[in-house]
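Any read-out appearing in this document is the output of simple, stated calculations on the displayed coordinates, not a laboratory observation. What you see is a predicted model, and the numbers here were worked out from it, not measured in a lab. Please note: Cβ atoms are built from the backbone with ideal geometry, for glycine as well, and neighbour counts cover all protein chains shown.
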Amino acid sequence: MLSMGAHLKLFNLKSVRTQCLVWCGALLLYCQVGVAQAQVIIMNGVAVAREAVAANGVTPHKMPGFSISVDEKKLNLLEDYERYIRHRMWEKALTSLKELSDTKSTSRLLPTKDGFLIDAEDRVFQALTALPAEGREAFRLFFDGKARKQFEDLTSSGQLLTPQAIQEARLVFSQYFLTSIGDDVADLLGNDAFEQGKFPQAARYWRAILDHHPDSNLSEVDLNVKYALALIRNRQLEQAASTIQLISQQYADQKVTLGGESVDPVVYLKALLPADSEKNSSHTLASTVLSNRLSQPLELTGKTLQPRWQVTFLDQTAEQAIANSQSDYYGRSKSYQTFVPPMAVDDQRAYFNFYGICFGVDLQSGKLVWRNAKFKDLGTNFNNYSFHQSSNLNQYHITVDGDYVLTTLIPQKEMNRYRACYRLIAYQRDSGKQLWQSNQTNESFISRPLIDGDQVYVISHQQNNKLLTLNCLQLKTGKKQWSIPLGSVVAGNSSNGMPIMPIPILRKTGDSLLILTNNGALFEINLSTKAINWAFRYPYKVDQSSTNHYYAALDEEVQLHSEGQMLRDANLVYFKEAGMDEVFALDLSVKKMLWKRPIKTSAQLVGIDQKNLYLLSRELEAIDRQSHELNWAVKLPVAAGGMSALLGPDRLWVFTSRGIFEISQTNGDVLEIYRGHDLTSLGGSIDFQRGLMLCISNQAVTAYPVGDSDPPPAAETDIETENKQP
Amino acid sequence: MSGLSPLMQRLPLFALAVFLCGGNITPSSFADEAQGITVMGLGSIEAKPSVVELTGVVIGQGQLAGDAVTKFHGNRRRAETAFKNLNIPGLEIVEEGMSLYSSLNASQMQAMMRGMAVNNAESQELSVSETLKLRVTGIDKLSSQELLEIIVRIVDSGKDAGVIIGNDTSPSVPGTYNASKARNTMATFKVTDVEKMKEAAYEQAVKDARTKAEKLAKLTGVKLGRVLSVDGVGDSQKNTAAIYNQIISQYMAATGVNQTEEQASTLLKAIPIAVAVRVTYSIE
């Protein structure tokens, strides 16, 4: 038995031991935590470093936003090839290249380093021509004999006679261009393409020789002349002019033989250029692409514009239903009050699509020619929660061409359906009689249909699928002729829990169709080959969190229904996507991004002239096309959707909540304000047709005569009482 | 019993408190009475406003600082031109100073309100703004209708030129409702030369005090003597704002800022300039 003192000593000993254990444990734990923290820091450091690399050098198909599939196997081989080149391992590099050429593609596109996804064959060609001199020597050593043999077999008669021979020559060109016969095969292919009217391809073959075959035996002046000819035929006039200038400087006094005659190439080529081409070419093209450009200034007289007619389409019941949808929060996030219906106009009438109620108005008299349903029925349909869940206001479209008016809308009988689809419907232009309707049960049409001759191009998706498909339909019947899958969108969520699909924009020039996805990708489609020529990718951030509370303030871009827009001037394309805070300028002839700059998310491209790009939100901004600096900006009382502007030679007009503003293109000064005849509206879109300035607001369309056209007496139309259903 | 006992325990404490309070009050009352009759005299002069003042904010915002500055300069120039083109006699534009700031966007605000980390990496817009005071003088010579027309012209012109007229109604936190900002006061009407009017009001106040004191003397059967002390209480605004005004006035006086010579009202009507004096008369 221990004494009391011994007990105390034992306790102290135990205490010391316990304390030691505790301190050791704490120290150990501290060290571990320290190590762990260090690890975290290191890991964070790595993560940061990796992110930085990713941000700088991320490949286009991995950028956030629109998803485009690429051939990963081929991409890996290409990366291997480029790595071997960097390490000067020629044998391995050329083996990879051979394998790359022989591998069958699962996807047509491969990424480049500047944001483009281009044809896999072109991309491999790019990689091939990027070989340094030492690599080229190795390439010839490896493949010259084989290439020469194949070429001799193909061209026994000196020209390519059969399609099979042409196909094989293309293979020789893509695989063995750097060998001694590469320039010859390119020249033959160029001649063949030119004869067939494929001028871009012809220019490409001849340019390849000039750029990548410096030791070619072919006459340089001949090649330059051929190249310039192809450019002129392809309307690439600026590039053609610079090539002619190069010929005049470098090959002065040299003659070429064209059509059996010896001619001065400079004189000959200049004669082919249209008169004053440098000034006119871009302007003419811009005018054709931009319908809002006016060649003559509008002559508006007096501050108080007198309308020729006005049609009010916002029925009282619809107005009340819209107000109800705000108070019960079903439709609060949609900003119905500021919705301005889309309009299409031809030489006789203007056509509108107001939440699926389509109607045509005679331009001269303002009489309602037809409508597909009664406006007061809208009120009933607006009370359906399902409608608010399915509706996407930017998905209502209307377009007119020939005898057809095409619309995308949710038919009234489907408004109460869960996840209702937007149908494509064709109406007879004069009578409003429905001609056909897309009948696939789950297919929803999202883009404005583009009518071209007997074809309609339109983009759709299956309602529960985010894959976008470009469709070519027969205009007369609506039957699908062909379709191309483009890729999948990354969609945000609405406060109703539904995905917000982006609205692609379609623009056709010649044989190519540009598609702006409004989701981080721009496509060029070759309509003759029905294939994607290239795609340009850029990061598009989508907020996919479901934190859109019904009580949250609406963003400016929602209130103004800002849309993405793409404007083209010859080979230059300017675009700004919906929901994005950057505007881009691309040069399509060299597939290069010229510049990009930050801009308000709510801004929408509304026009272009020789000097500026114009973007409208609650201010109108003029961005210099060359320097991409802001030349001027002016605040405007813009309060509704349908953002647009009419561009005259020196001024432009915008329809706002406080009237029509006439603005100087020089400095943005407001030169005049015409209050107009739609004083209670929030403003909206503006157009000009047949001597009439058409102002479409959230409640009415008003036509003001411009200039000295003799107006009939002003007419006001109440849309419900005036006309009947067809 | 059990309920009463705590009360009984607290009773001495309560008595002490009452005693102390009483002790504080009683001596001062007694001292006042010993000196004579103290009365409060009120004087008020009503004057028609001679100035109307509107506040306008010119702003330029942009992701790029250069854009914000370009926008600001353009908007500022247009605003000034628009107001000058109105050719309103007596209209002057007073610059109230320029400011540069960068605001959090809505999502950053929401994150902050929820106590979450604010992502500052997100680009923030730069704002350059300037407040302009638009003063029209000599409005006391105008009829209400004429004045209203002038105000409407200024407001219209400002709105057309992109100037934010009136007080700032945008919520400090996006998406929230602030009742105090729900009403946008467009114009403030002002009386100038307040000091002169106050002098007249003091005269009235002293007369009023004399009258009141004489009445009290008559009622109590004593004879009113000479003035022992006068205390100019100042503006007799009967709301708490007057207290804050006094504090602000004291602060401005201390810091050397010129005290305003104007009295403002949001209503277009005669503005009262009221003062109060406390006068103590001796009893003979």
Study note, to complete from the structure: Quick calc: nm separation of the 7 Å Cα→Cβ label points for B:R77 and A:S248 -> 3.9 nm
**Study point:** Virtual spin-label span in nm between A:S528 and A:S295, 7 Å along Cα→Cβ
**Key:** 3.0 nm
Check your understanding: Rounded, prolate or oblate: which one fits the range A:566-687, using the alpha carbon gyration tensor with axes a ≥ b ≥ c (rounded when a/c is under 1.5, else prolate when a/b beats b/c, else oblate)?
Key -> prolate
Check your understanding: Hey, which lysines would be in cross-link range of B:K223, C-alpha to C-alpha under 28 Å, not counting anything within fewer than 8 residues on its own chain?
Key -> B:K207, B:K212, B:K215
**Study point:** Amide H partners (placed H, <5 Å) of A:Q455, local residues excluded
**Key:** A:L475
Revision key, fill the gap. Sorted by chain and then number, the residues having a modelled amide H within less than 5 Å of the amide H of B:L228, at least 5 places away or on another chain, are B:T280, B:Y281, B:S282
Exercise for review: Please list, or write none, the lysines whose alpha carbon is within less than 17 Å of the alpha carbon of A:K74, excluding same-chain residues fewer than 8 places away.
Suggested key: A:K62, A:K92, A:K98, A:K104, A:K113
Check your understanding: Using 0.36 nm per residue, how much length does the chain from A:E72 to A:E99 gain when fully extended, once their Cα-Cα distance is taken away?
Key -> 8.3 nm
Check your understanding: Which Cα, out of A:A252, A:L189, A:L223, lies furthest along the positive dipole direction of the range A:72-261 (beta carbon charges, K/R +1, D/E -1)?
Key -> A:L189
Exercise for review: When a/c is below 1.5 the answer is rounded, else prolate if a/b is larger than b/c, else oblate, so apply that to the range A:355-410 with a ≥ b ≥ c taken from the square roots of the Cα gyration tensor eigenvalues.
Suggested key: oblate
Exercise for review: Within the set of other residues whose C-beta is less than 14 Å from the C-beta of A:V221, count the net charge using Lys and Arg as +1 and Asp and Glu as -1.
Suggested key: -3
Study note, to complete from the structure: When A:H461, A:H628 are ranked with the fewest other C-beta atoms within 10 Å first, the list becomes A:H628, A:H461
Exercise for review: Hey, can you grab everything whose amide H is under 5 Å from the amide H of A:G65? Only 5+ residues off in sequence or another chain; H modelled, so Pro and N-termini drop out.
Suggested key: A:Y540
Practice item. For the range A:72-261, would you read off the P(r) tail past 25 Å as a percentage of all alpha carbon pairs? Key: 40 percent
Practice item. Quick one: go through the range B:116-156 and flag any residue whose amide nitrogen is under 18 Å from the point 7 Å out along the Cα-to-Cβ line of B:K196. Key: B:137-142
Review point. What residue among A:Q434, A:T399, A:Y422 has its Cα farthest toward the positive end of the dipole of the range A:384-454, where the charges are +1 on Lys, Arg and -1 on Asp, Glu, each on the Cβ?
Key: A:Y422
**Study point:** Hz values of 3J(HN,Hα) by residue in the range B:191-201 - Karplus curve (6.51, -1.76, 1.60), Gly and Pro given as x
**Key:** 9, 9, 6, 5, 4, 4, 5, 5, 4, 4, 5
Check your understanding: Under a point-charge model restricted to the Cβ atoms of Lys and Arg (+1) and Asp and Glu (-1), what is the dipole moment magnitude of the range A:72-261 relative to its Cα centre, in debye to the nearest 20?
Key -> 480 debye
Study note, to complete from the structure: Classified through the alpha carbon gyration tensor (a ≥ b ≥ c as square roots of its eigenvalues; rounded if a/c is under 1.5, else prolate when a/b is larger than b/c, else oblate), the range B:31-116 comes out oblate
Check your understanding: Under 13 Å from the Cα of A:K433, which aspartates and glutamates turn up, not counting those fewer than eight places away in the same chain?
Key -> A:D403
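Using a cut-off of 13 Å between beta-carbons, work out the net charge of the residues near A:N353 (Lys and Arg +1, Asp and Glu -1, A:N353 not included).
Counting the neighbours of A:N353, the net charge comes to +3.
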Review point. Any idea how far apart A:Q610 and A:K596 come out in nm if each label point goes 7 Å out from Cα toward Cβ?
Key: 3.1 nm
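Return the FRET efficiency for the residue pair B:N184, A:D346: r is the Cβ-Cβ distance, R0 is 51 Å, and the value is rounded to the nearest 0.05.
So, using R0 = 51 Å, E works out to roughly 0.70.
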